[in-house]
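The values are calculated or read from the model by the stated rules, or taken from the named source; none is laboratory data. Small disclaimer: the values here were computed from a predicted structure and weren't measured. Counting neighbours? That spans all protein chains shown, and the Cβs are built from the backbone with ideal geometry, glycine included. Each accessible area value is taken on the protein alone, full model and side chains, heavy atoms only, with ligands, DNA and RNA left out. Shrake-Rupley method; radii C 1.70, N 1.55, O 1.52, S 1.80 Å.
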Amino acid sequence: MRLSIFQGLLLLFKFLQTSAEQCTSETFRINPDKRNVKLRGFTYRIFEKISPRACFQKCIRRKRCRSYNYNRASLRCEINSNPINVFEGDFQVETGYIYVEVAHYRGDPLYDPCIGNQCARGEVCISLQNKKFVCISEDNTILNKERQNVALGKISGQSSLLKSYTSERALDGLTNTFSHTLLETTPFWWVDLGNIYNIMRIEIINRSIAGSRLHDLDIAVGPSLDDMSIFTHFKGPGKDGEHLVFQRSRYTDGRFVNLTITNGREVLQLAEVMVFAYPIY
């Protein structure tokens, strides 16, 4: 009995040690250098309502950025251009903030999307799907703040196929085409956005015929199809041609969006699916 209690306490300690106040996304984990403090006097950019991973990406993609302050409660990200050496007097106590230095993450393929980039100070490294990257001016990223439909034309799939009504028909920008599965238990449809995004809104345009077939729909988002969390649930039933809008006040990080009818045997038919999100630069 003593051994089992000891093992339980040990596991609990390890869990708390590795999870408390860490920035976690997919397979990597960021351990803050300091907690409940923020570096003052060196912040040069502030981003509101973004995730811990997005804040890390904002910094590591910029050669000028050496560290960042992040507040989990307010989702506020402050990236810093500070000298190599900082002193205790440079920090102020601020409950809820973490302070992270990124120098020891640079060059690590698990964390750094732009290894070996030659971007200058004042530029942002943007990694491409072919493992290459481009450098763009910091000013260009400031101008592009509108959320975009990042699902249009992306790779997709579904649980089954009726005739030629493929999954891509829900991503072609047309509302008079549609995807369609067979009649089955828990039919599903998914899209790969290609990169991790801060997803704020998902819109679905229901098929103009037999719209009531859209019901008990789980909409899930995640970094992979094996790691999804519920974005929202639509009880339904839907109406013919109905335009459904699912908005969240906070981000959800994800690369994949999955739609599943969870109740009974049904077909899943979608005229269009739109995902509005901010890219993680």
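Observations on the model:
- Spatially close Lys pairs in the range 122-281, defined by Cα atoms under 22 Å apart and a spacing of eight or more places or different chains, total 4.
- Gyration tensor verdict on the range 52-98 (Cα atoms; rounded if a/c is under 1.5, prolate if a/b is larger than b/c, oblate otherwise): oblate
- If R0 is 45 Å, the Cβ-Cβ spacing of residue 233 and residue 164 corresponds to a FRET efficiency of close to 0.90.
- Annotation note: trypsin sites (Lys or Arg not before Pro) in the range 234-279 located in DSSP loop regions with a Cβ neighbour count of at most 15 within 10 Å are 235, 239.
- Point-to-point label distance, residue 103-residue 247, nm (Cα→Cβ direction, 7 Å offset): 4.4
- Site pair residue 71 and residue 155 shows an inter-label distance of 4.0 nm when each label is modelled 7 Å from Cα along Cα→Cβ.
- Whole-number accessible area per residue in Å² for the range 198-259, which is evaluated in the context of all protein chains at 1.4 Å: 46
- Residues residue 195 and residue 85, FRET efficiency given R0 of 41 Å [Cβ-Cβ distance, rounded to 0.05]: 0.70
- Of the residues 90, 112, the one with the largest accessible area comes first in the ranking 90, 112, computed with a 1.4 Å probe on protein heavy atoms.
- For 108, 240, 216, the ranking by accessible surface with the largest value first comes to 240, 108, 216, using a 1.4 Å probe.
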